[in-house]
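Working notes, beginning with the structure itself.
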Amino acid sequence: MPTPFTRTEDVRFLYYAIRRMWTAAGAADEHAHYVADAITFAHLQGKLNQGLGVYEAIDIALEMGLLDMSAKPEIIDEGPVWATVDGHGSSGYWCLNIMADIAIQKAREYGIAIVFGGNHNDAGSFARYVYKAYEQDMMGMASNNTVPLAAPFGGIENRLSCPPFDAIAPSGNKPPIWTSVAMAEFYDADISEAALQNKPLKGKWLIDPTSGELTDDVKPYADPIAGYGRVWGCTAAGQIETPRTYAMNLWIEAMTAIINPLGIPSTALPSVEELIDSDTTNKTPTVGGSYFLCIDPSKFGALADVKARSDAFVSAIEDCPPRPGHSVRLPGIQGHEALVQGHHEVEVLLNHWDPFFVNIAGRYGMNESSLRADFLARDQP
């Protein structure tokens with residue numbers, strides 16, 4: 001549903017505009033497709049902060065010389081059930097798609113496979129990559145670490161990432177068991193959204209750098225970046241609210257950057273402030289490492305039984321009597337329904353619109369009007 005802070009748009013136009021923009025920046029057609037596909041997938045899921053505005057992350061990396069548009073990710077080492085993919089400074093969108101395809105292929109033969117990735121930049125919503133396994137009746141699980149966006153539990157400075165964790169299992173006629181969460185309380189996008197919409201964070205997650213006190217008021221700390229509407233700096237560190245989240249954050253760091261042969265821990269990645277400082281000497285990509293784990297359950301038993309168990313479990317969850325004033329639903333169910341039903345109308349945050357269609361598009365001699373005209377005039381499939 002539209003809000004005072006969003007606009008309704010045709011997701012097909014967004015896909016076209018994003019693909020055109022990344023191609024204009026020098027990307028290969030395959031690479032541009034992967035970027036547009038993942039960003040619009042997030043819009044269909046309703047994950048607006050992983051939508052159009054997340055393009056800013058790779059645009060900033062490109063502008064700072066951290067992203068190599070001429071590079072193509074490649075396998076540098078592999079065995080029967082594993083592989084390591086070097087992104088060579090490309091985007092995570094390209095690297096994670098390659099990683100997912102390799103893991104799916106190996107799992108189809110051996111039942112399970114893990115692929116590590118490194119030396120790549122932002123990958124947007126990881127839901128798109130694990131969904132590739134789901135489309136093959138397999139289970140996918142993936143994550144990467146990020147630039148420092150959270151303090152260690154009890155700390156006062158950002159040393160940890162805010163990593164995504166996405167996993168999905170095969171299902172039958174019912175929606176799948178689908179987890180898509182961040183392992184810290186907020187991203188940089190939540191800072192810009194709260195500041196521009198004049199609202200507090202959903203919890204007291206900011207740590208004052210002087211007093212160490214916690215607050216949900218972003219105004220004293222929010223640090224806008226000229227020309228961008230999603231990616232902002234913040235002079236306060238991020239609080240991880242519970243030991244459980246902290247433990248999972250550390251575990252993802254172990255998976256993405258410690259056991260990964262190409263991994264760089266979040267403690268060695270540049271901060272958002274360093275990324276926008278043209279004088280910084282830290283030219284490390286914005287991601288330290290990633291992994292994609294794929295399981296083909298048909299190698300261990302009948303796939304029909306797996307789907308039946310999933311459907312029965314989901315039905316039992318949905319049939320649970322709700323507490324007064326509450327409802328019972330599975331995570332990701334609305335996004336899954338939108339994908340299955342082929343929706344075209346999606347919501348876009350207003351603060352993400354002009355930075356893309358004015359600031360970024362303007363660099364390549366384009367704007368919303370010219371892109372829309374080209375979109376409407378294109379050959380229809």
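Sorting F313, F126, F41 by the number of Cβ atoms found within 10 Å of their own Cβ, with the fewest placed first, yields F313, F41, F126. Using a cut-off of 14 Å between beta-carbons, work out the net charge of the residues near L349 (Lys and Arg +1, Asp and Glu -1, L349 not included). Combined, the nearby Lys, Arg, Asp and Glu give -3. Can you check what the net charge comes to around I112, using other residues whose Cβ is under 9 Å from the Cβ of I112 (Lys, Arg +1; Asp, Glu -1)? Neighbourhood net charge equals +1. Separation of the stretch 234-256 and the stretch 1-30, taken as the distance between their Cα centroids, equals 31 angstrom. The count of lysine pairs in the chain with alpha-carbon distances below 23 Å, taking only pairs 8 or more places apart or on different chains, stands at 20.
The HN-Hα couplings worked out from phi for the stretch 143-158 by the Karplus form 6.51 cos²θ - 1.76 cosθ + 1.60 (θ = phi - 60°) are 6, 9, 8, 10, 4, x, 9, 8, 8, x, 4, x, x, 10, 10, 5 Hz, whole numbers, x standing for Gly and Pro. With coordinates expressed along the principal axes, the C-alpha atoms belonging to the stretch 6-377 extend over 56, 50, 42 Å, beginning with the largest. Of all DSSP beta bridges in the chain, what percent run antiparallel (nearest 5)? Percent antiparallel among DSSP bridges in the chain is about 90.
Summing charges over all other residues whose Cβ lies under 9 Å from the Cβ of Q136, with Lys and Arg as +1 and Asp and Glu as -1, gives -1.
Mind sorting E78, E109 by how few other Cβ atoms lie within 10 Å of their own Cβ, fewest first?
Values: E78 14, E109 11.
Final ranking by Cβ density, sparse to dense: E109, E78.
Ordering R309, R244, R363 from the fewest to the most neighbouring beta carbons within 10 Å gives R244, R363, R309.
Phi angles across the stretch 121-131 convert, under the Karplus curve 6.51 cos²θ - 1.76 cosθ + 1.60 with θ = phi - 60°, into 3J(HN,Hα) values of 9, 3, 10, x, 7, 6, 4, 4, 6, 5, 5 Hz, Gly and Pro given as x.
So for each of 139-148, 13-22, 83-92 I average, over its residues, the number of other beta carbons within 10 Å; can you give me the resulting order with the highest mean first?
Values: 139-148: 26.5, 13-22: 21.2, 83-92: 24.5.
Going from most to least packed, we get 139-148, 83-92, 13-22.
Distance between the C-alpha centres of the stretch 72-149 and the stretch 178-229: 29 Å, rounded to the whole angstrom.
Each value in this text was obtained by applying a stated rule to the coordinates, not by laboratory testing. Nothing here was measured: the structure is a model prediction, and the numbers come from that model. Please note: Cβ atoms are built from the backbone with ideal geometry, for glycine as well, and neighbour counts cover all protein chains shown.
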